[in-house]
2 protein chains.
Amino acid sequence: MIGEIIAIGDELTSGRILNTTSYFAAGQLFAAGHEVTAMTTIGDDPKLIGNTLLASLARADFVIVTGGLGVTSDDLTTEAVADALERPSTFYPEILNQIRAGSKNAPEDLRLSLEKMAWLPAGAHALKYNATTAGYFLVHENKPIFFLPGVPHEMEELLVETVISRLAVWEGVEARHVRQRLYRVAGLPETTINEKLALLEDGEERIRIGYYPVFPEVHVSLTVVGTKEETTDRTFIEIDAKVRNLLGDNLYGTGEETLEAVVGRLLIDNGMVLALAESCTGGLISHRITRVPGSSEYFLGGAVTYSNELKEQMLGVEEALLAEYGAVSPETARAMAEGIRRETGADIALAVTGIAGPSGGTAAKPVGTVCFGLATSGETVEYKYIFNGERWQVQEAACHKGLDILRLTMLRHDYAKNQSCQRL
Amino acid sequence: MIGEIIAIGDELTSGRILNTTSYFAAGQLFAAGHEVTAMTTIGDDPKLIGNTLLASLARADFVIVTGGLGVTSDDLTTEAVADALERPSTFYPEILNQIRAGSKNAPEDLRLSLEKMAWLPAGAHALKYNATTAGYFLVHENKPIFFLPGVPHEMEELLVETVISRLAVWEGVEARHVRQRLYRVAGLPETTINEKLALLEDGEERIRIGYYPVFPEVHVSLTVVGTKEETTDRTFIEIDAKVRNLLGDNLYGTGEETLEAVVGRLLIDNGMVLALAESCTGGLISHRITRVPGSSEYFLGGAVTYSNELKEQMLGVEEALLAEYGAVSPETARAMAEGIRRETGADIALAVTGIAGPSGGTAAKPVGTVCFGLATSGETVEYKYIFNGERWQVQEAACHKGLDILRLTMLRHDYAKNQSCQRL
């Protein structure tokens with residue numbers, strides 16, 4: 001079905017808060033086979049809320065509205081909707097009971113203020129209620145409208161748990177077949193990827209390829225649409241194989257698979273444990289690695305050696321080496337990697353040292369210069385790159401490159417190649 | 001002036017990419033005194049692009065359009081705009097020259113493909129051109145429309161460098177006075193803050209207070225609008241003082257000031273250097289600290305001790321202590337903090353150990369249990385919290401709480417209190 005998403009809140013239109021709820025909803029709806037044609041963000045203005053909802057209802061098969069459902073004085077969505085749809089605000093005692101039951105442990109003053117959440121437009125049904133999560137739906141002129149909280153994790157939970165399935169029931173049948181895959185690409189710019197893949201599109205809108213730079217990597221989407229399941233699948237499998245072949249080693253994962261998850265999988269496949277020594281990235285690579293559940297199986301830990309003294313004390317980098325080559329040098333990166341591997345007993349160790357900026361650059365070593373060392377039992381390899389951008393961009397780019405160095409090292413190792421490539 | 005923002009791209013409406021450009025533009029326009037009433041996100045559909053632009057032009061004084069200006073085959077904005085505004089696509093040789101001059105170092109095949117960017121709707125003027133950044137504006141029926149790239153850092157640069165100033169010139173006069181401040185609050189839920197501050201609003205729309213939970217903290221905005229500069233300023237100063245008083249120590253900063261920046265400032269004021277020992281946060285606190293430019297002045301580094309072995313080897317935590325109390329315990333947190341302080345020679349050291357989940361919890365220590373140790377020359381203090389949510393939420397909440405423990409410890413120290421509080 002065709003859907004529209006409306007996000008409400010002055011905090012969004014004034015740029016104080018980034019709207020992540022519409023993004024999340026769009027992704028979930030797309031995956032469920034719906035098409036979101038427009039996402040509109042407006043402020044806490046009752047008249048604008050009403051007009052926007054009426055306009056979306058006129059265009060779409062269903063509408064999702066997020067935000068403005070809470071108990072504070074700037075939450076105006078329910079009143080605005082009651083006016084616009086001519087469905088007077090009605091008190092639902094059973095909803096208040098549910099809210100009260102769900103908030104037994106909340107402070108008394110909070111529990112009292114929750115009564116506001118039991119006043120809904122006539123005809124509304126609660127999606128689920130507890131102390132902190134409000135959400136309801138109503139069917140207006142034969143179109144379902146879902147009202148969800150603006151707080152991202154509350155909204156996401158309700159959307160996944162109830163909205164997607166209610167929409168499926170509402171729709172009844174599957175009207176068309178859509179196959180989609182997202183490819184995550186490291187180490188190639190968008191234009192180069194576009195040149196490699198452009199010929200795969202046949203110009204009939206049956207096959208659609210999208211290119212999305214997500215700094216510092218690029219994501220590519222393949223969408224195949226058809227009326228018959230069998231032919232849609234066949235085309236999808238054929239184009240998918242071509243995409244994989246054209247992207248080669250630069251394709252690191254598909255779907256939701258992150259670079260750190262791929263590195264974790266390769267470490268498990270290789271039976272290796274990892275340690276890290278970070279300077280300019282300040283712990284970011286370690287954090288990315290530990291965002292993956294179960295990472296304690298293959299990650300020992302590491303050192304964040306921001307100062308030269310800690311590079312000497314924690315990693316055993318020699319003072320003379322630091323003096324001769326400087327903290328940011330392939331030689332120091334190599335010594336850091338060997339040092340953290342020796343100190344921790346890890347099988348594989350990565351070290352990063354660089355100049356994130358904005359100050360600290362020189363003519364010989366400009367801001368953005370980052371050196372990596374990668375130590376295994378067999379050898380230590382060093383890498384040097386110069387990244388562009390602001391401090392956070394240099395840190396993110398260095399983190400991404402470091403993870404990709406780990407990935408490619410393990411991928412080119414025989415064991416990893418045999419076990420992992422097919423599982424991508 | 002009243003503005004609308006239109007973001008274009010299938011990657012946005014299908015939820016593959018989070019739209020950060022509209023957010024950034026809204027914040028900059030708000031700060032410049034404009035009001036954004038609606039932000040619309042639509043796919044790469046020429047007809048929809050045209051209709052949305054015409055609808056926005058009918059409502060707003062100016063429109064900003066982002067995305068779809070690149071050289072790949074899914075970039076359709078310029079053609080759609082040319083059709084909708086009946087301004088035929090025109091080749092601008094001088095723009096192509098500028099693009100070529102700005103892309104001397106680009107690969108030859110990329111330089112050739114850039115010709116597409118020199119075809120613009122009739123009447124368009126380039127904002128600035130080089131190899132990777134496209135952007136133009138045109139005035140249609142006496143309303144300025146700005147077309148900017150969808151890639152966030154390119155768009156942000158053009159908006160700040162050229163669009164804001166062109167709008168100011170266009171507007172000519174300042175029509176009203178707006179004073180605004182954002183307060184960043186740690187350690188209090190949204191409803192409690194709302195109760196504290198609700199009485200400050202006078203109901204006349206002259207004073208507006210907004211509440212924005214930004215997990216795991218809450219942001220509060222104060223906006224005072226008036227026709228006279230003097231009275232607007234006076235009201236703003238008065239309410240600002242009341243807000244600060246009511247929020248007390250829970251107010252950690254204003255505007256763009258992050259918690260890690262406040263911690264850095266307090267470290268400088270106290271002449272202290274910091275070290276960290278992280279387990280469940282896996283380097284996240286270190287990374288937050290090092291995101292701040294100049295953090296090498298007060299941050300030595302630390303250890304990410306994910307395994308028990310590393311807690312022993314790098315921090316000198318005794319095996320017997322780990323065996324008796326477990327890795328996640330106030331006792332271990334205390335030993336980790338003292339260990340990293342001893343190893344690094346830091347003045348102040350924070351340690352974090354916890355169970356981020358999803359597995360690893362027990363009845364006595366459920367998922368979300370996090371212990372902190374804070375060691376200074378005078379004493380070591382321990383803290384224990386249980387955070388709710390998924391793995392990433394526990395990690396983020398623990399990171400935030402750790403930074404706040406550092407802040408409050410230094411704030412309650414005499415020197416810090418005298419030097420820093422007034423500077424907030």
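Key figures for this structure:
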quantity	calculated
Mean separation of Cα contacts under 8 Å, 6 or more apart, over the residue count of the stretch B:259-423: relative contact order %	25
Unit charges at the beta carbon, dipole of the protein assembly as shown: most positive-side option, A:Leu315, A:Gly282, A:Ala118	A:Leu315
Rg over Rh [alpha-carbon atoms, Kirkwood Rh] for the stretch A:225-330	1.21
Relative pair counts by distance (%), Cα atoms of chain B, 20 Å bins	22, 41, 33, 5
GluC sites (Glu not before Pro), loop per DSSP, at most 12 other Cβ atoms within 10 Å - longest free stretch of chain A	A:257-378
Cβ-vector label at 7 Å, B:Ala58, separations to other copies in nm	0.8
Theoretical FRET efficiency, 1/(1+(r/R0)^6), r = Cβ-Cβ of A:Glu157 and A:Ser113, R0 22 Å, to 0.05	0.50
Rounded, prolate or oblate (a/c below 1.5 giving rounded, otherwise prolate when a/b exceeds b/c) for the stretch A:2-171 by Cα gyration tensor	rounded
Calculated FRET efficiency for the pair A:Glu201/B:Glu79, C-beta based, R₀ 22 Å, to 0.05	0.85
Estimated vicinal HN-Hα couplings, Hz - the stretch B:143-160 in sequence order (Karplus 6.51, -1.76, 1.60; Gly, Pro = x)	10, x, 10, 10, 10, 10, x, x, 5, x, 5, 5, 4, 4, 4, 5, 4, 5
10 Å binning of all Cα-Cα separations within the protein assembly as shown, expressed as whole percents from 0 upward	2, 12, 20, 24, 23, 14, 4, 0
Percent RCO, i.e. relative contact order, over the stretch A:1-64, from Cα pairs under 8 Å lying at least 6 residues apart	52
The stretch B:299-359 and the stretch B:27-89: distance between their alpha carbon centers, rounded to Å	53
At least 24 Å along the helix axis (C-alpha) and Kyte average at least -0.5, DSSP helices within chain B	B:391-411
Cα→Cβ-extended label distance, 7 Å offset, between B:Thr258 and A:Lys228, nm	5.5
Förster radius 35 Å - calculated FRET efficiency between B:Arg412 and A:Lys128, Cβ distance, rounded to 0.05	0.25
Isotropic mean projected area of the C-alpha convex hull, the stretch A:1-98 (nm²)	7.2
Contact order normalised by residue count of chain B, Cα under 8 Å, 6+ apart, percent	10
Selected from B:Phe91, B:Phe387, B:Phe236 as most flexible by GNM, with chain B as the system and alpha-carbon contacts under 10 Å	B:Phe91
The stretch A:311-384: C-alpha gyration tensor shape, a/c 1.5 cut-off, then a/b vs b/c	prolate
Net +/- balance of residues flanking A:Thr162 in space, Cβ distance below 13 Å, scoring K and R +1, D and E -1	-2
Reachable lysines from B:Lys365, criterion Cα separation under 27 angstrom, eight or more residues apart if same chain	A:Lys104, B:Lys311, B:Lys384, B:Lys401
Alpha-carbon Debye profile of the stretch B:177-254, log10 I(q)/I(0) at 0.16, 0.22 Å⁻¹	-0.54, -0.96
Antiparallel bridges, percent of DSSP beta bridges restricted to chain A (to nearest 5)	60
5 angstrom amide H check on B:Gly150, placed H, neighbours 5+ away	B:Gly67, B:Gly68, B:Leu69
Value at 222 nm in deg cm²/dmol, rounded to 500, when DSSP H runs of n ≥ 4 in the protein assembly as shown each add -39,500 (n - 2.57)	-12000 deg cm²/dmol
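Values quoted throughout were computed directly from the atomic coordinates according to the rules given, and no laboratory measurement underlies them. Note that the coordinates shown come from a computational prediction; the quantities given were computed from them, not determined experimentally. Cβ sites come from the backbone with ideal geometry, for glycine too, and all protein chains shown count toward neighbours.
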